[in-house]
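To start, the structure under review is shown below, and the notes come after it.
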Amino acid sequence: MPVNPNFLERLLLLRLDKGPAPILDLFGASTFEAVVLALDIGLFEQLASAGEPLSATELADRLDADANAIEVLSTFLDAQGYVTTDGGRYRNTRMTTKWLLAESETNMAPWLTFWDELVFPFWEDNFETVVREGHPPQTIYEWFDEEPTRWETAQKGFRAAASVVVDEVADAVDVPDGATHVLDVGGGHGLYAIELCRRHPTLSAVVFDSPEALDVAREEIAAAGLEARVEVAGGDYWEDDLGAEHDVALVFNVIHAHDDVANRRLFERVAESLRPGGQLVVLDQLADTARMPVGKAGQGFVGLTYLVTLDATIHPYEAVREWLRDAGFEDVRRTAIRRAGPGQTVVQATKR
């Protein structure tokens with residue numbers, strides 16, 4: 001958890017400039033590294049499975065690690081809010097239990113692993129090039145293709161991020177009366193299509209994405225027991241057949257990877273796959289939607305990430321609405337997703 005300065009520290013560091021506020025960024029970077037290592041060695045899981053607080057020596061024995069180093073690491077994690085200590089014995093905090101344990105439905109650990117193993121290494125190799133030349137030499141997706149196991153790590157990360165908001169997003173999606181079929185374009189892990197099918201017994205779905213991106217979806221479908229109603233289809237949504245007469249089409253976290261011309265073409269292709277009156281539902285970060293400091297920082301972070309990794313950007317709502325109308329949709333409306341962080345918005349439209 002980021003360092004949360006108290007009133008005096010905020011006054012001295014952030015208001016009066018009496019101390020080096022950038023030190024907080026250093027603390028944040030080191031916290032990320034410490035948390036990822038704790039995940040990798042199973043520190044939080046061992047604390048969870050113990051059933052009682054553990055001393056550093058007991059924890060080190062379970063982890064086959066050095067007791068002094070585990071104590072220093074755990075002390076740092078205590079200061080950052082990931083574990084807490086009482087009498088030299090450590091246990092997970094509620095935050096860690098909710099967000100970083102495998103048994104939690106909102107386990108974000110794979111999302112942190114995604115950043116640690118994939119995104120930040122890609123940043124390190126390409127950030128300066130992008131700043132100096134304006135573009136990365138390749139997109140991160142093209143880099144994933146060079147080693148397909150990267151796709152599995154990415155989709156597990158995307159699935160973890162989706163788990164935080166899937167209920168709120170599903171609440172926002174207008175499924176037409178009598179609807180029977182959903183097309184999930186670029187659906188990857190398949191979590192959204194699965195949730196809609198859980199909620200609407202008459203629905204079946206196809207999760208359409210590149211073949212390399214669908215392994216996690218297969219696991220999720222099997223875990224949900226929905227093999228009879230949710231299937232995967234590998235292909236290229238620019239070229240391959242998307243089917244016809246779908247009632248709902250999901251285009252989730254796709255449009256940020258493409259420019260104006262490409263997104264217009266994508267919406268036209270999806271429109272061709274929908275029946276009249278069918279719903280196209282877009283989920284993505286949209287520009288100029290953040291109002292609070294954390295939201296503004298997060299939206300800037302997302303924008304920079306898209307530039308470095310995808311040579312892409314965050315699009316404004318007005319542009320999305322225009323693309324939808326030009327592709328033959330009407331009744332365009334939007335719903336802000338509150339739990340997702342900066343700018344996550346559901347945009348829906350009805351095919352004329």
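Which whole-Hz ³J(HN,Hα) couplings does the stretch 230-240 yield from phi under the Karplus relation 6.51 cos²θ - 1.76 cosθ + 1.60, θ = phi - 60°, glycine and proline marked x?
Whole-Hz 3J(HN,Hα) from phi for the stretch 230-240: 10, 10, 10, 9, x, x, 10, 6, 7, 10, 7.
Taking the dipole about the Cα centre of the stretch 108-351, with the C-beta of Lys and Arg at +1 and of Asp and Glu at -1, give me whichever of PRO176, THR309, TRP323 is farthest to the positive side.
Going by the charge dipole, the pick is PRO176.
Amide H to amide H under 5 Å from HIS181: which residues, 5+ apart in sequence or cross-chain, H placed 1.01 Å off N in plane?
When sequence neighbours closer than 5 places are left aside, the close amide H contacts are SER204, ASP247, VAL248.
Checking the a/c ratio against 1.5 first, then a/b against b/c, what shape does the Cα gyration tensor give for the stretch 151-301?
rounded
Ignoring ligands, DNA and RNA, what percent of the accessible area of the chain is carbon or sulfur (1.4 Å)?
51
If amide hydrogens are placed 1.01 Å from N in the peptide plane, which non-local residues have theirs closer than 5 Å to the one on TYR90?
LEU54, SER55
Let me check against my output: what whole-number percent is the relative contact order of the chain, with C-alpha pairs under 8 Å and at least 6 apart?
12
For the chain, what does -39500 (n - 2.57) per DSSP helix run (n ≥ 4), summed and divided by total residues, give at 222 nm, in deg cm²/dmol to the nearest 500?
-15000 deg cm²/dmol
Within straight cross-link reach of LYS18, meaning Cα distance under 13 Å, which aspartates and glutamates are found once same-chain residues fewer than 8 apart are removed?
The qualifying aspartates and glutamates are GLU9.
Of PRO22, PRO137, PRO211, which has the largest mean-square fluctuation in a 10 Å C-alpha GNM of the chain?
Checking each option, the largest mean-square fluctuation is seen for PRO22.
Compute the projected area of the convex hull of the Cα atoms of the chain, averaged over all viewing directions, and report it in nm² to one decimal place.
Its average projected convex-hull area is 20.2 nm².
Of the DSSP beta bridges with both residues in the stretch 108-351, give the percent that are antiparallel, rounding to the nearest 5.
40
Name the most mobile residue of LEU274, LEU63, LEU47, meaning the one with the largest mean-square fluctuation, in a Gaussian network model of the chain with Cα contacts below 10 Å.
Highest fluctuation among the options: LEU63.
Mind ranking 293-304, 149-160, 65-76 by how tightly packed they are, going by the mean number of other C-beta atoms within 10 angstrom, highest first?
Descending mean neighbour count gives 149-160, 65-76, 293-304.
Please calculate how many Å² of accessible area the chain carries per residue, with a 1.4 Å probe and no DNA, RNA or ligand atoms counted.
In whole numbers, the chain has 50 Å² accessible per residue.
For the stretch 149-220 and the stretch 298-338, compute the distance between their C-alpha centroids and round to whole Å.
Centre-to-centre distance over Cα atoms comes out at 19 Å.
Quick one: grab the alpha carbon gyration tensor of the stretch 76-217, order the square roots of its eigenvalues as a ≥ b ≥ c, and give me rounded if a/c is under 1.5, else prolate or oblate depending on whether a/b is larger than b/c.
Note, shape of the stretch 76-217 comes out oblate.
For the stretch 4-142, what does the alpha-carbon gyration tensor say about shape, rounded, prolate or oblate, given a ≥ b ≥ c as the root eigenvalues, a/c under 1.5 as rounded, and a/b over b/c as prolate?
oblate
The values are calculated or read from the model by the stated rules, or taken from the named source; none is laboratory data. Computed from a predicted structure; not experimentally measured. Because the Cβ atoms are built from the backbone with ideal geometry, glycine has one as well, and the counts that use them run over all protein chains shown. Keep in mind that these areas ignore ligands, DNA and RNA; they rest on the heavy atoms of the full protein, side chains included. Shrake-Rupley method; radii C 1.70, N 1.55, O 1.52, S 1.80 Å.
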